[in-house]
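To start, the structure under review is shown below, and the notes come after it.
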Amino acid sequence: VAGCTAFSPPVRNYILTRWPSSRSRPLAMMADGDGDGDSDGDGDAVLGAILESSSSPVPGAARGIGEYWPGERTAKPAPPPAPGAMATALRSVPPILVLPGFGNDRTDYLENAVGAVPTLNRRGFNTTVLAVKQSMWLQVFAKGALDWSFLRGSATCESPSYSWYISMAIEEIERLCAEAGGERVLLVGHSAGGWLARAVVGLMGQERASELVRGVVSLGAPHQCPPEGVVDVTRGVVGDLETRFGASKMSRWGVPVITVAGDCLTGDPSSEFPWNRASASAYSTLTPGDGTGVIGDGVVPLESALLDDAALRLTVDCMHSVVVPGTTVSSTVWYVAESRVDSWLEPTVRLLAKLEAESI
């Protein structure tokens, strides 16, 4: 794929560790402070969390650890977290800007009590969603049809197909930063919003980005260039990002990139369960073959969502979609559901707190 190059070594090494379990699912990150390839007691804590696994074939169904809030949405009600508990670990709390995924509308993240915004706000953050309407995504195709580089699959971050989104995001970041008295914004990008967040930071440039952005968290974003023979759904933009704006480069700018991947579904075109068949079909658009044996969140393969040079690489037992597939019901097992959010938000806050302390 044009524009795809090898990543430079990460600024700080983090080792993806596996906990002994029936699924041997990678769920913890341990810091390797001296870079010798092992987490050898340099004072860094384990930055992940083990989540209870489930054999339920229906994602979003009661799984033992269902939605915590409100209690009636689970067979095992549990109280919500103490208000603001997560954010108290930081001396300065960044406002959060959620960047919607492809085809999503701002309202998808706002559902009362169980949406991304109330879930993050309960942890002490002031959360805003970029005001994207579902119809706006038609611009990707309308403008792409007039852009030869897009049609050829060699589009860049400046492509008119995505520039409207990036301009909206930069404008909103500047507004939120000003309203927060200069406090830098934490970008949380879902799906395509994850790699678009990297494009936003890259096109801001080092000076502006370091002044306005605290960090980037991507949730189930297809960051990696697809293998040869597989069509790049971003039409070249992820390759341009790898070449020009790698995660390690952004870390040097003072903007750490945290990549989060889901691993709840294994692709199997011949499975009796529709979720595994649908996952295989989705994975085949980003990996070679028919998706058999590929692990991911039901839409994006794990290997595509994790960047080798990210400040943190986290894996969570969760689904990709904001809603239960085929319905309009909010999912209780996606990245920002009450039962899942802390598994990536807690290590993110710890990393930000550590960087905050080092900058004093």
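No value in this document is a laboratory result; all are computed from the given coordinates. All values reported here derive from a predicted model rather than from experimental measurement. Counting neighbours? That spans all protein chains shown, and the Cβs are built from the backbone with ideal geometry, glycine included.
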(request) For segment 331-342, take each phi angle, set θ = phi - 60°, evaluate the Karplus expression 6.51 cos²θ - 1.76 cosθ + 1.60, and give the result in whole Hz per residue in order, putting x for glycine and proline. (result) 6, 9, 9, 8, 4, 10, 5, 3, 6, 10, 4, 5
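Take each of the peptides 334-341, 169-176, average the number of other beta-carbon atoms within 10 Å over its residues, and list them starting from the highest. Before the final figure, lay out the partial values.
Working: 334-341: 25.2, 169-176: 18.1.
With the highest mean Cβ count within 10 Å placed first, the list reads 334-341, 169-176.
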(message) Using each residue's phi in segment 124-136, evaluate 6.51 cos²θ - 1.76 cosθ + 1.60 at θ = phi - 60° and report the 3J(HN,Hα) Karplus result to the nearest Hz, with x for Gly and Pro.
(response) x, 9, 8, 10, 10, 10, 4, 6, 8, 9, 4, 5, 5
(request) Pop a pseudo-label 7 angstrom from the Cα along the beta-carbon direction at both Arg91 and Glu211 and give the gap in nm to one decimal. (result) 2.2
(request) Give me the distance between the Cα centres of segment 178-198 and segment 253-292, rounded to whole Å. (result) 25
(request) Any chance you could check the Cα centroid distance between segment 303-350 and segment 223-238 for me, in angstrom? (result) 22
(request) Figure the gain on full extension for Ala357 and Ala178 (residue separation times 0.36 nm, minus the Cα-Cα span) and round it to one decimal in nm. (result) 62.1 nm
(message) Let me make sure I get this right: for segment 125-212, a, b and c are the square roots of the gyration tensor eigenvalues over alpha carbons, sorted descending. Under 1.5 in a/c it's rounded, otherwise prolate if a/b > b/c, else oblate. Which is it?
(response) prolate
(request) Collect residues whose amide H, placed 1.01 Å from N in the peptide plane, falls under 5 Å from the amide H of His190; neighbours closer than 5 in sequence don't count. (result) Leu99, Gly101, Leu219
(message) Under the rule of at least 5 residues apart or a separate chain, name every residue whose amide H is placed under 5 Å from the amide H of Ser339.
(response) Tyr68
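How far, in nm, would the chain grow between Phe273 and Ser135 when pulled straight, counting 0.36 nm per residue and subtracting the alpha carbon separation? Let's see the in-between values first.
On the way: separation 138, 0.36 × 138 = 49.68 nm, distance 3.22 nm.
Stretched out fully, the Phe273 to Ser135 stretch lengthens by 46.5 nm.
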(request) Collect residues whose amide H, placed 1.01 Å from N in the peptide plane, falls under 5 Å from the amide H of Trp334; neighbours closer than 5 in sequence don't count. (result) Met319
(request) For every other residue with a beta carbon closer than 13 angstrom to the beta carbon of Leu306, add +1 if it is Lys or Arg and -1 if Asp or Glu, then tell me the sum. (result) -4
(request) In nm, give the distance between the simple-model label positions of Lys143 and Val230, each being 7 Å from the Cα along the Cα-to-Cβ direction. (result) 2.7
(message) Quick check on packing: order 157-166, 266-275 by the mean number of other C-beta atoms within 10 Å, highest mean leading.
(response) 157-166, 266-275
